[in-house]
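Below: the structure, in structure tokens.
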Amino acid sequence: MATKIIEIMICDNLERDTDGALLFAGCSLEPLAKKYGTPLYLYDEAKIREKCRAYTSSIADFFGGQGRVMYASKAASFKRLYEIVCEEGMGIDVVSIGEIYTASLAGFPLSLAYFHSNNKTDYDIEYAIDRGVGYFVVDNAEELYAINRIAGEKGIKQKVLLRITPGIDPHTYAAVATGKVDSKFGSAIETGQAEEITSIALALSNIDLYGFHCHVGSQIFDGDVYLATSRAMLTFVADMERKLGFVTRELDIGGGLGVRYIAEQPELDIRATLKAVSKAMMSICTELGISLPFICFEPGRSIVADSGLTLYTVGTVKRIPGYKSYVSVDGGMADNPRFALYGSPYTILPVSRPVPNENMLCSVVGRCCESGDILQENVPMPEDVKRGELLACLTTGAYHYSMASNYNRLGKPAVVMLRDGEDHLAVRRESVEDLTRLDV
Ligand code: LLP
């Protein structure tokens, strides 16, 4: 099967050198594969900082500095990332004691951590309070009572945002759509539960209600979703001021900005999106007669996705006459479950040479004992792709390392940070000894 493909470099940290070899963040990939082995997660530190600054400068320029950006660390959580985000003057969104612990090891000031999750155990709550986590984002009334009780036992008043479900359809895949009323997250405006939980929070003596939070979904390209979300949330803010006399100090409208995995997707302009949100918010506030609260954003994917690339080595190449061709790599659903889970599109490129015009379409598959262990289908590859050749899967900085598993007792790949043309190990590769460390 031959198709004409012209490679498009989907992010400006990718290029081919004069020999046709792929460079990422200005670095040659073959020596990195030799030094660290494959599969290998690579990160481009300059790109992470560029994305952080797109957000922080938007807060300064469009919200008069009256806001904060929290990196949603579920997208990728390891010490070096928390250090970078801290240096960039951002807060963090954490969802587990594992993320809290990792951030604290990195020296992250936990007063700027926002503790999410729809089901915090008493142990989690105690752990977070003991470590001085600044804010709890509270999902439901039951959790609010538990936090009030534990904060009381510890003699503190806990700062809280309430997670509200604004009833917005984010137009994305079902697994990441969270803004609709029928959701496991938050308290819905439509059902009256959002107002109810606000009244409860105001009545509890160990709760210091700061404001509201929502997150309507992930991988969102439609800017109107944020405008509709802003309107719904600010209307709720105005309602709570009128009905309960509560003046919202902070309003967090979550994360969710989409990123480019394949050439057909756009590259979203973060600053333009936030500028439009700020303009809309200001006019909605004027219309409602309220002042604009301190505004928070919680991006994960759009901070780290295109700063990441995964390197694989080709193993078996299987051509089934009359059927598909399979190119197997030394990773798969254990280091990237996103195609198996969501059918997510990816760009996969040969490292040493561009995809030629005469190519074959193949399925790039992993080495787990499962037919669903596919990284991508219909990938154009050189017809003579062979064992030992390196492949690069692009845009793997978000929800890859953090969603990796040890299925089939495969060790997780190493994570290497690229900075100024140099490579720095951030997380070492899991060895077989690591994998058996907890067996008794
Ligand atoms: N805030 C909250 C409360 C969230 O639940 C999330 C993501 C974010 C912020 C960050 O959203 P982002 O900017 O990254 O879109 N595993 C899925 C993504 C799950 C997103 C979960 N929540 C995937 O691989 O596509």
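The values are calculated or read from the model by the stated rules, or taken from the named source; none is laboratory data. Here the structure is a predicted model, which means the values were calculated and not measured. Every residue, glycine among them, receives a Cβ derived from its backbone with ideal geometry; neighbour counts consider all protein chains shown.
Could you identify the single residue in L292, L288, L341, L311 that is outside the structural domain of V160 (by TED's automatic domain parsing) and out of contact with any strand residue (DSSP E or B) (no Cβ under 7 Å at 6 or more places or on another chain)? Lay out the reasoning, then the answer.
Details: L292 fails: outside the structural domain of V160 (by TED's automatic domain parsing); L288 fails: outside the structural domain of V160 (by TED's automatic domain parsing); L311 fails: out of contact with any strand residue (DSSP E or B) (no Cβ under 7 Å at 6 or more places or on another chain).
Only one candidate qualifies: L341.
Could you check Y55 against (1) assigned to a helix (DSSP H, G or I); (2) more than 14 Å from the ligand (Cβ to nearest atom); (3) among the aromatic types (F, W, Y) and say which number it fails?
Y55 satisfies every listed condition except (2).
Yes or no: region 359-369 includes at least one residue that is surrounded by 20 or more Cβ atoms within 10 Å (Cβ to Cβ), closer than 21 Å to A175 by Cα and not small (G, A, S).
Checked region 359-369: no residue is surrounded by 20 or more Cβ atoms within 10 Å (Cβ to Cβ), closer than 21 Å to A175 by Cα and not small (G, A, S).
Got at least one residue in region 352-369 being closer than 20 Å to N13 by Cβ, assigned to a loop (DSSP other than H, G, I, E, B), within 23 Å of the chain's Cα centre (by Cα) and touching a residue at least 60 places away in the same chain (Cβ under 8 Å)? Show your work before the answer.
Of all residues in region 352-369, those closer than 20 Å to N13 by Cβ come to 352-355.
Still in the list and also assigned to a loop (DSSP other than H, G, I, E, B): 352-355.
Those left that are additionally within 23 Å of the chain's Cα centre (by Cα): none.
Checked against the condition, which is being closer than 20 Å to N13 by Cβ, assigned to a loop (DSSP other than H, G, I, E, B), within 23 Å of the chain's Cα centre (by Cα) and touching a residue at least 60 places away in the same chain (Cβ under 8 Å), region 352-369 yields no hits at all.
Residue pairs, Cβ under 7 Å, 6 or more apart or interchain, first in region 49-75 and free of Cβ contacts under 8 Å to residues at least 12 places away in the same chain, second away from the ligand (no atom under 13 Å from the Cβ). List them.
Going by the 7 Å Cβ cut-off, the qualifying pairs are G65/I59.
Restricting attention to region 84-96, and to residues there that are surrounded by fewer than 20 Cβ atoms within 10 Å (Cβ to Cβ) and more than 13 Å from the ligand (Cβ to nearest atom), which single residue is farthest from R419 (Cα to Cα)?
Going residue by residue through region 84-96, those that are surrounded by fewer than 20 Cβ atoms within 10 Å (Cβ to Cβ) are 86-89, 95-96.
Next, only the ones that are more than 13 Å from the ligand (Cβ to nearest atom) stay: 86-89.
Values: C86: 17, E87: 15, E88: 15, G89: 19 Å.
Only one residue tops the list, namely G89.
Exactly one condition in (1) surrounded by fewer than 18 Cβ atoms within 10 Å (Cβ to Cβ); (2) within 16 Å of the ligand (Cβ to nearest atom) is not met by S302; state its number.
(1)
Determine which single condition D12 fails, assuming it passes every other condition in (1) part of a loop (DSSP other than H, G, I, E, B); (2) touching a residue at least 12 places away in the same chain (Cβ under 8 Å).
(2)
Just to be sure, is P345 touching a residue at least 40 places away in the same chain (Cβ under 8 Å) and in contact with a Ser or Thr (Cβ under 7 Å, 6 or more places away or on another chain)?
For P345, the condition - touching a residue at least 40 places away in the same chain (Cβ under 8 Å) and in contact with a Ser or Thr (Cβ under 7 Å, 6 or more places away or on another chain) - is not met.
Tally up the residues in region 141-170 that are of a type in the set (S, T, N, Q) and farther than 11 Å from A201 by Cβ, please.
Looking only at region 141-170, we keep the residues that are of a type in the set (S, T, N, Q), and these are 148, 158, 165.
Applying the additional criterion that residues be farther than 11 Å from A201 by Cβ yields 165.
Residues flagged as of a type in the set (S, T, N, Q) and farther than 11 Å from A201 by Cβ within region 141-170 amount to 1.
Would you check if G134 is within 22 Å of the chain's Cα centre (by Cα), surrounded by fewer than 17 Cβ atoms within 10 Å (Cβ to Cβ), away from the ligand (no atom under 15 Å from the Cβ) and touching a residue at least 12 places away in the same chain (Cβ under 8 Å)? Lay out the reasoning, then the answer.
On the way: within 22 Å of the chain's Cα centre (by Cα): yes; surrounded by fewer than 17 Cβ atoms within 10 Å (Cβ to Cβ): no; away from the ligand (no atom under 15 Å from the Cβ): yes; touching a residue at least 12 places away in the same chain (Cβ under 8 Å): yes.
It is false that G134 is within 22 Å of the chain's Cα centre (by Cα), surrounded by fewer than 17 Cβ atoms within 10 Å (Cβ to Cβ), away from the ligand (no atom under 15 Å from the Cβ) and touching a residue at least 12 places away in the same chain (Cβ under 8 Å).
With the checklist (1) among the hydrophobic types (A, V, I, L, M, F, W, C); (2) in contact with an Asp or Glu (Cβ under 7 Å, 6 or more places away or on another chain); (3) at pLDDT 95 or above in hand, flag the one item I262 doesn't pass.
Failing condition for I262: (2).
Got at least one residue in region 248-257 being closer than 25 Å to A25 by Cβ, surrounded by 24 or more Cβ atoms within 10 Å (Cβ to Cβ), of a type outside the set (S, T, N, Q) and within 14 Å of the ligand (Cβ to nearest atom)? Steps first, answer last, please.
So in region 248-257, the residues closer than 25 Å to A25 by Cβ come out as 255, 257.
Then drop every residue that is not surrounded by 24 or more Cβ atoms within 10 Å (Cβ to Cβ), which leaves 255, 257.
Those still in the list that are of a type outside the set (S, T, N, Q) too: 255, 257.
Cutting the leftovers down to within 14 Å of the ligand (Cβ to nearest atom) gives us 255, 257.
Looking for residues that are closer than 25 Å to A25 by Cβ, surrounded by 24 or more Cβ atoms within 10 Å (Cβ to Cβ), of a type outside the set (S, T, N, Q) and within 14 Å of the ligand (Cβ to nearest atom), one finds at least one in region 248-257, hence yes.
Tally the residues that are free of Cβ contacts under 8 Å to residues at least 24 places away in the same chain and on the phi > 0 side of the Ramachandran plot, restricting the search to region 202-225. Let's see the steps before the verdict.
Residues of region 202-225 that are free of Cβ contacts under 8 Å to residues at least 24 places away in the same chain, as a first pass: 203, 224.
With the extra rule that they be on the phi > 0 side of the Ramachandran plot, the set shrinks to none.
Residues in region 202-225 being free of Cβ contacts under 8 Å to residues at least 24 places away in the same chain and on the phi > 0 side of the Ramachandran plot: 0 in total.
Listed residues Y323, Y312; which is away from the ligand (no atom under 13 Å from the Cβ), part of a loop (DSSP other than H, G, I, E, B) and hydroxyl-bearing (S, T, Y)?
Working: Y312 fails: part of a loop (DSSP other than H, G, I, E, B).
Being away from the ligand (no atom under 13 Å from the Cβ), part of a loop (DSSP other than H, G, I, E, B) and hydroxyl-bearing (S, T, Y) holds for just one of Y323, Y312, which is Y323.
Suppose we filter region 385-440 for residues that are surrounded by fewer than 14 Cβ atoms within 10 Å (Cβ to Cβ), among the hydroxyl-bearing types (S, T, Y) and not in a loop (DSSP other than H, G, I, E, B); how many remain?
1
Yes or no, residue by residue, for (1) modelled with pLDDT of 95 or more; (2) within 30 Å of V225 (Cβ to Cβ); (3) crowded, with 22+ Cβ neighbours inside 10 Å; (4) more than 13 Å from the ligand (Cβ to nearest atom):
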site	(1), (2), (3), (4)
S111	yes, no, no, yes
Y114	yes, yes, yes, no
R149	yes, no, no, yes
I156	yes, no, no, yes
P170	no, yes, yes, no
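More than 16 Å from the ligand (Cβ to nearest atom), of a type in the set (F, W, Y), under 30 Å from L234 (Cβ atoms) and surrounded by fewer than 19 Cβ atoms within 10 Å (Cβ to Cβ) - does that describe any residue in region 287-297?
First pass over region 287-297, keeping only residues more than 16 Å from the ligand (Cβ to nearest atom): 287-294.
When the remaining residues are screened for being of a type in the set (F, W, Y), the result is 294.
From the residues that got through so far, the ones that are under 30 Å from L234 (Cβ atoms) too are 294.
With the extra rule that they be surrounded by fewer than 19 Cβ atoms within 10 Å (Cβ to Cβ), the set shrinks to 294.
The answer is yes; a qualifying residue exists.
If you scan region 116-130, which residues turn out to be closer than 21 Å to V69 by Cα and at pLDDT 95 or above?
H116, A128
I'd like to verify a number: residues in region 370-384 that are surrounded by fewer than 18 Cβ atoms within 10 Å (Cβ to Cβ), in contact with a Pro (Cβ under 9 Å, 6 or more places away or on another chain) and part of a strand (DSSP E or B), how many?
1
Pull up region 173-189, narrow it to residues that are modelled with pLDDT under 75 and among the hydroxyl-bearing types (S, T, Y), then point me to the one that is surrounded by the most Cβ atoms within 10 Å (Cβ to Cβ).
Per the criteria, the residue is T178.
Return the pairs, sorted by first residue and then second, in which the second residue is assigned to a loop (DSSP other than H, G, I, E, B) and polar (S, T, N, Q), the first residue lies in region 321-334 and is closer than 23 Å to Y399 by Cα, the beta carbons are less than 6 Å apart, and the residues are 6+ apart or on different chains.
These pairs meet every condition: D330/T38; A334/S405.
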